[in-house]
Amino acid sequence: MCLAVPGQVVNIGDDALRTGTISFGGMTKHVSLALVPEVRVGDYVIVHVGFAISTVDEDAALRAIELFKAMAARDRRDTVSAATASEETS
Amino acid sequence: MKYVDEYRDRSAAEAVANEIRRLVTRPWTIMEVCGGQTHAIVRFGLDALLPEKLTLVHGPGCPVCVTPVGLIDQAVALASWPQVVFCTFGDMLRVPGSRRSLFDAKAAGGDVRLVYSPLDALALAQSHPDREIVCFAVGFETTAPAFAMAVKEAARLRLSNFSLLVAHVLVPPAMEAILSAPGNRVQGFLAAGHVCTVMGYTEYEPLAARHRIPIVVTGFEPLDILEGVLMLVRQLEGGRAVVENQYVRSVRRQGNEAATALLAEVFEPSPRAWRGIGEIPASGLRLKPAYAAYDAALKFRRELAQTAGRAEEDPECRSGLVLQGLLKPTECPAFGVRCTPEHPLGAPMVSGEGACAAYYRYRKPVMRDASRSIGDRM
């Protein structure tokens, strides 16, 4: 029920509901942008039942992705060094 | 898709899970509140990546599942009248009422229409001025602003043939009820990311302080959920109990102020019965007196009087225990035998976010094919 998906704002209308076009990886849909007054064309928004409910903080999103990549790299290094250590002791 | 695929990376998920494993020294029980998170956990097999000491229990966060039988009966009654076009999200269609579901009403000739957005129902009200358009307003704080906006639009357009059967529920009172219940075993919460996108998380801070329980606002992709668990484990092991935000890309502390202002203008809190759980004070929403003309329960109160007081649950359904995290769906004797998505005894088996539906959909193949590991789903 609370399913909401990120999409990119293609255009913003000037009707009462600020209906805009949102692209979800190429598929487009008309969505009300009335609840995200700060949004601009090109921004990513989180869409739920025909309404954008937030603007994606892209800096925060990218920081999280970088953090996950770093964790994966560190985890790989730890796994390799643990394996090397066990080979040396065996 | 951007901002989805990046959060499903398998090697990163394993790294986060390994970090959790390193940190956990004692058994902990964590509840994810939202049904969307339950589905992600079961679908991607995230619970299998976690250490055995960590128990995930599924919460009441499926608004379809907690809509009381009496309201389903009202919906079925409204949908059966020839002058009414009854609009609903697809999840509600097969939810059993005392005797019939909306699907049964539709099969018997009722004009039941599935809508994606409350705005679709509003468009029907404009194009069918001779019919009464009633829309089933189901959902948590995430969904309520969309219905509030539809009501405001109906007022602006002076539509007199549009109304809502309001079934909105609020998350924090349900968390309070779970924590206050005798036998509660939840020690940490993953709070629902999209509810908090709308509401922010200040209302969870007194809850965390009063019950000394850590709460992490969490997103819906596998890495979001695993990072949410990691943040909870850090708090639990460190003896802290505060509200933290994992889902930073969507959730701000104050929430979406345009949406909360709209909610405060159109709705007010009201007592609400939760299916299988019982009444929780101030856990629902109703339309404010200024918008009473759009309240289907008032507008059709004479017609609905005949459905009052007859609501009956199926006695075999254990969904109340499932919704409180006290019973796993697969521990219910009726699961997959007398209760299936085609012939459900209760709502959690049919809702897109119901815990029973998640286990039926994603865990049945594992039961049949034990050679396939659950972690293979990432």
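Tabulated results
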item: Residue list for the range A:1-12, restricted to those being over 25 Å from residue B:138 (Cα atoms) and within 12 Å of chain B (Cβ to nearest Cβ); result: A:8
item: Residue ranges of helices (runs of 4 or more DSSP H) in the range B:122-225 with at least 1 members more than 21 Å from residue B:263 (Cα to Cα) and not charged (D, E, K, R); result: B:171-180, B:205-211
item: Positions within the range A:13-29 being facing chain B (nearest Cβ under 9 Å), surrounded by fewer than 17 Cβ atoms within 10 Å (Cβ to Cβ) and over 19 Å from the mean Cα position of the chain (by Cα), in sequence order; result: A:16
item: Filtered residues of the range B:273-298 (kept if of a type in the set (Lys, Arg) and within 16 Å of residue B:164 (Cα to Cα)); result: B:286, B:288
item: Boolean, residue B:13 is touching a residue at least 24 places away in the same chain (Cβ under 8 Å) and within 14 Å of chain A (Cβ to nearest Cβ); result: yes
item: Cβ-Cβ under 9 Å pairs, at least 6 apart or on other chains, the range B:262-278 side under 30 Å from residue A:37 (Cα atoms) and touching a residue at least 12 places away in the same chain (Cβ under 8 Å), far side of a type in the set (Lys, Arg) and assigned to a helix (DSSP H, G or I); result: B:262/B:152; B:265/B:152; B:266/B:152
item: Strands (runs of 3 or more DSSP E) contained in the range A:1-65 and holding at least 1 residues over 18 Å from residue B:198 (Cα atoms); result: A:5-12, A:19-24, A:27-32
item: Residues within the range A:65-76 that are within 7 Å of chain B (Cβ to nearest Cβ) and hydrophobic (A, V, I, L, M, F, W, C), tallied; result: 4
item: Residues of the range B:109-121 classified as in a loop (DSSP other than H, G, I, E, B) and over 11 Å from residue B:82 (Cα atoms), total; result: 3
item: Selection status of residue A:52, more than 9 Å from chain B (Cβ to nearest Cβ) and closer than 20 Å to residue B:36 by Cβ; result: yes
item: Single residue of B:155, B:150, B:146, B:121 found to be crowded, with 18+ Cβ neighbours inside 10 Å, out of contact with any Pro (no Cβ under 9 Å at 6 or more places or on another chain), modelled with pLDDT of 95 or more and within 14 Å of chain A (Cβ to nearest Cβ); result: B:121
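Every residue, every condition in (1) away from chain A (no Cβ under 14 Å); (2) buried (at least 23 other Cβ atoms within 10 Å of the Cβ); (3) within 21 Å of residue A:63 (Cβ to Cβ), yes or no:
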site	(1), (2), (3)
B:164	no, yes, no
B:197	no, yes, yes
B:211	yes, no, no
B:232	yes, yes, yes
B:249	no, yes, yes
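The values are calculated or read from the model by the stated rules, or taken from the named source; none is laboratory data. Being a predicted model, the structure only gives us computed values, none of them experimental. We place every Cβ from the backbone using ideal geometry, glycine too, and count neighbours over all the protein chains shown.
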